[in-house]
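What follows is calculated from the coordinates using simple rules that are stated; it is not laboratory data. Please read all numbers here as calculations on a predicted model, not as lab measurements. Glycine also receives a Cβ, built like all others from the backbone with ideal geometry; neighbour counts cover every protein chain displayed.
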Amino acid sequence: MSDKTKKVQNQDELFHFIDSDVFSSEKIIAPRYSYWKSVFRVFFRKKSSIFMLALLIIILLVSFIMPNFWHYDAFENVTDGNTYSLSPAKAMQYFGGFSFKYLLGTGSMGNSILYGIVAGARTSLLLAIICAAINMTLGIILGAVWGYSKRFDAVMLVIYNIIANVPYILLITVLVYVIGSGFWSFIFALTVTGWLPIAYFFRTQVMVIRDREYSLASRCLGTPVNRMISKNILPFLTSVIVTLLATELPSYISMEVFLSFIGVGLSADVPSLGRMIQSAQSAFLTYPWQFWPPVAIASAITIILYVLGQNLADATDPRTHM
């Protein structure tokens, strides 16, 4: 057999007939797409997300676990004037050697700065998480109904225009003075009207989606209002919700620090970063170890939550999943 014949035979073996199947030709072979799997893939693609998440986990573990072993008492050494405003070196020398408790020195009443920061960080984080959960839940639900129902819209606009003209700080200050400055009282003051701007923001977002073709078609088919909101509207606002949450969480920590700094925040028996900063504001030059560590921790928590929130907001945007 000649080489030319062998070559033609080999070429023929590369091709073969297959049977045509009508049903098989209709099948579309494509990889399954998971929205949240894609979100986390985009989120963890950024090195800043991994780094900030690791820092946040460390802060959360230290803030919520260590106070069970490190009991903080701001008035523990108040009867011993020699313990007031000691630097880290002098505090360890006075208390008999190295100790984590006095690693950052003592405060104006002999209290441990490190233990106070850990206990204060737990208070600030709890405050931010609870306030964000309450305000975001009420804001999203009522905002969705507000934007969808025209009757509810007419009532809520009157309420919003009245409350929005009252300064938020002034309202919180009055409530704190009236109901007290405890932990839950402070949360009530931050959430009693804190959900209203969030609901108004979602009202405008829902009104855009409400009049789209698929929403109008669902309404014509008799779809209930609650199903319209949960299936047709809110799923399209996932990235908006995460973006808003990214700004809400750090804002409550900043609010607590600011209000405690001006003397309107939490009571003295509740450890907080704002209270520590407020008590050390007059000594930030003479005793810097009292002022700058709580400022640094409060700033770090705020920045970490903001960066993580922004990265997660970018990841929830479907346009980044290409």
With only Lys, Arg, Asp and Glu charged, each at its Cβ (+1 for the first two, -1 for the last two), find how big the charge dipole of the stretch 119-321 is about the Cα centre; round to the nearest 20 debye.
540 debye
Taking a quarter of the surface of the convex hull around the Cα atoms of the stretch 163-322, what do you get in nm²?
13.0 nm²
Quick one: helix 47-65 against the long Cα principal axis of the chain, what's the angle to the nearest 10°, folded into 0 to 90?
40 degrees
Farthest positive-ward along the stretch 119-321 dipole, Cα basis, beta-carbon charges - from Phe202, Tyr252, Leu308
Phe202
Throw me the Rg/Rh for the chain, computed over C-alpha atoms with Kirkwood Rh, two decimals.
1.22
Dipole check, the stretch 41-123, charges on Cβ (K,R +1; D,E -1), about Cα centroid: among Phe43, Gly107, Ala54 the Cα furthest to the positive pole belongs to Phe43
For the chain, what does -39500 (n - 2.57) per DSSP helix run (n ≥ 4), summed and divided by total residues, give at 222 nm, in deg cm²/dmol to the nearest 500?
-21000 deg cm²/dmol
Number of Lys-Lys pairs in the chain under 26 Å by Cα, sequence gap 8 or more or different chains?
6
What residue among Leu312, Leu55, Leu221 shows peak mean-square fluctuation when the chain is described by a Gaussian network model with Cα springs under 10 Å?
Leu221
Go ahead and collect, in residue order, the members of the stretch 279-320 whose backbone nitrogen is under 14 Å from a label point 7 Å along the Cα-Cβ direction of Val62.
293-302, 304
Hey, with R₀ at 51 Å, roughly what FRET efficiency would Asp73 and Ile159 work out to, going by the Cβ-Cβ distance, to 0.05?
0.70
Under the Karplus relation with 6.51, -1.76 and 1.60 and θ = phi - 60°, whole-Hz ³J(HN,Hα) for the stretch 300-311, x at Gly and Pro, equal 4, 4, 5, 5, 4, 5, 5, 5, 4, x, 5, 5
Whole-Å distance, taken between Cα centres, linking the stretch 279-322 and the stretch 157-196:
25 Å
With the crude spin-label approximation of a point 7 Å out along Cα→Cβ, what separation in nm comes out for Lys37 versus Leu138?
3.9 nm
Dipole of the stretch 119-321, positive end: most advanced residue of Phe188, Ala217, Ala296 [Cβ charges, Cα centre]
Ala217
Extension gain, Ala54 back to Trp292 (0.36 nm per residue minus Cα-Cα distance, nm)
83.4 nm
Would you mind checking the tilt of helix 3-13 against the longest principal axis of the Cα atoms of the chain, expressed as 0 to 90 degrees and rounded to 10?
60 degrees
A correct Karplus calculation of ³J(HN,Hα) over the stretch 193-198, with 6.51 cos²θ - 1.76 cosθ + 1.60, θ = phi - 60°, whole Hz and x for Gly and Pro, returns 10, x, 6, 5, x, 5
In Å³ and rounded to a whole number, note down the convex hull volume per residue for the Cα atoms of the stretch 88-202.
121 Å³
Along the stretch 135-150, Karplus-curve 3J(HN,Hα) (6.51, -1.76, 1.60; θ = phi - 60°) to the nearest Hz, with x for Gly and Pro, reads 5, 5, 5, 5, x, 5, 5, 5, x, 5, 5, 4, x, 8, 9, 6
